[in-house]
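Written below as structure tokens is the structure these notes are about.
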Amino acid sequence: MNIILFGPPGAGKGTQAQFIVKKHNYFQLSTGNLLRDEIKLKTSIGSEVEKLISNGKFASDQTVNILLRKSITNLKFRDRIIFDGYPRNVDQAKNLQLILGEFDQTIGHIIFLNVSRDIIEKRIMGRVTCEKCHMTMNKFFNKEQIDLHPCGKEFLKKRKDDNLDVVVARYDTYMKLTNPVLDFYSKNANFTKIDGAAEIEQITYKINDILRV
Ligand code: AMP
């Protein structure tokens with residue numbers, strides 16, 4: 001079964017997805033990472049989305065759906081995907097159901113990480129990401145992890161869209177377009193809301209509990 005990790009930017013979706021990958025042998029499908037890879041590789045998709053991302057806007061559904069389909073149809077990841085950053089609007093949520101249905105796959109759990117805007121700002125402003133392994137760390141909350149990171153400090157970069165102006169824009173976009181997806185999912189039996197402001201380990205513990213069911 002597949003899992004959706006859902007929540008505002010900076011809620012900790014990527015961090016928790018990385019734990020699930022390690023412990024439960026899942027594949028993390030982060031549409032944000034896929035789009036950043038396209039920008040790094042200077043592809044046509046990359047040049048189309050670069051400006052949108054750096055302004056806190058969304059890439060088009062059509063573009064993101066192309067990348068999504070590639071991963072869902074990859075047999076290696078079959079029914080073992082954590083969706084991190086997808087769906088981001090109601091049309092994407094409907095599209096996900098359609099594609100998964102088409103390939104006879106299901107959504108086992110929808111986990112919503114609920115975090116307030118002031119916490120999000122603090123988290124995003126301290127975030128650094130490894131360009132090599134995509135691991136995210138926080139220079140305010142976990143400096144030791146940064147110092148000991150196995151890929152080496154030279155790969156640790158602050159994301160271009162992790163600055164205050166863009167964070168505000170991303171949060172606004174989230175409230176307008178992504179928050180309505182909550183209504184779409186919240187009545188499902190497999191929907192769980194978690195306090196995303198809790199300690200990372202506590203959140204991981206709760207998620208592990210959900211996945212054990
Ligand atoms: P993230 O790494 O999930 O924070 O995503 C970074 C940025 O990539 C977002 O602010 C959007 O501009 C873009 N993006 C990621 N996922 C999607 C999506 N599902 N639909 C549209 N744009 C996306």
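The values are calculated or read from the model by the stated rules, or taken from the named source; none is laboratory data. Keep in mind the model is a prediction, meaning the values are calculated, not measured. All Cβ positions, even for glycine, are placed from backbone atoms using ideal geometry, and neighbour counts span all protein chains on display. Note: areas computed on protein heavy atoms with side chains; ligands, DNA, RNA excluded. Shrake-Rupley method; radii C 1.70, N 1.55, O 1.52, S 1.80 Å.
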Self-check item: Answer from 94, 42, 70 - the residue that is assigned to a helix (DSSP H, G or I), out of contact with any Lys or Arg (no Cβ under 6 Å at 6 or more places or on another chain), over 21 Å from residue 180 (Cβ atoms) and not β-branched (Val, Ile, Thr)
Solution: 70
Quiz item: Any idea which of (1) open to solvent by 60 Å² or more (accessible area, probe 1.4 Å); (2) within 24 Å of residue 168 (Cβ to Cβ) is the one residue 106 doesn't satisfy?
Solution: (2)
Quiz item: Out of region 1-55, which residues are of a type in the set (A, V, I, L, M, F, W, C), open to solvent by 40 Å² or more (accessible area, probe 1.4 Å) and touching a residue at least 40 places away in the same chain (Cβ under 8 Å)?
Solution: 1, 19, 21, 27
Quiz prompt | Which numbered condition residue 148 fails, given (1) within 16 Å of the ligand (Cβ to nearest atom); (2) open to solvent by 90 Å² or more (accessible area, probe 1.4 Å); (3) aliphatic (A, V, I, L, M) | solution = (1)
Self-check item: Failed item, numbered, when residue 97 is tested on (1) open to solvent by 50 Å² or more (accessible area, probe 1.4 Å); (2) closer than 30 Å to residue 1 by Cα; (3) more than 15 Å from the ligand (Cβ to nearest atom)
Solution: (3)
Self-check item: Number of the exception - residue 154 against (1) surrounded by 11 or more Cβ atoms within 10 Å (Cβ to Cβ); (2) of a type in the set (D, E, K, R); (3) free of Cβ contacts under 8 Å to residues at least 12 places away in the same chain
Solution: (1)
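In region 65-76, which residues are hydrophobic (A, V, I, L, M, F, W, C), open to solvent by 30 Å² or more (accessible area, probe 1.4 Å) and closer than 15 Å to residue 104 by Cβ?
Within region 65-76, just 75 meets the criteria.
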Self-check item: Odd one out for residue 59, checked against (1) exposed (fewer than 15 other Cβ atoms within 10 Å of the Cβ); (2) more than 29 Å from residue 208 (Cβ to Cβ)
Solution: (1)
Quiz item: Quick check: is even one residue across region 114-122 closer than 28 Å to residue 162 by Cα, outside any helix (DSSP H, G or I) and open to solvent by less than 20 Å² (accessible area, probe 1.4 Å)?
Solution: yes
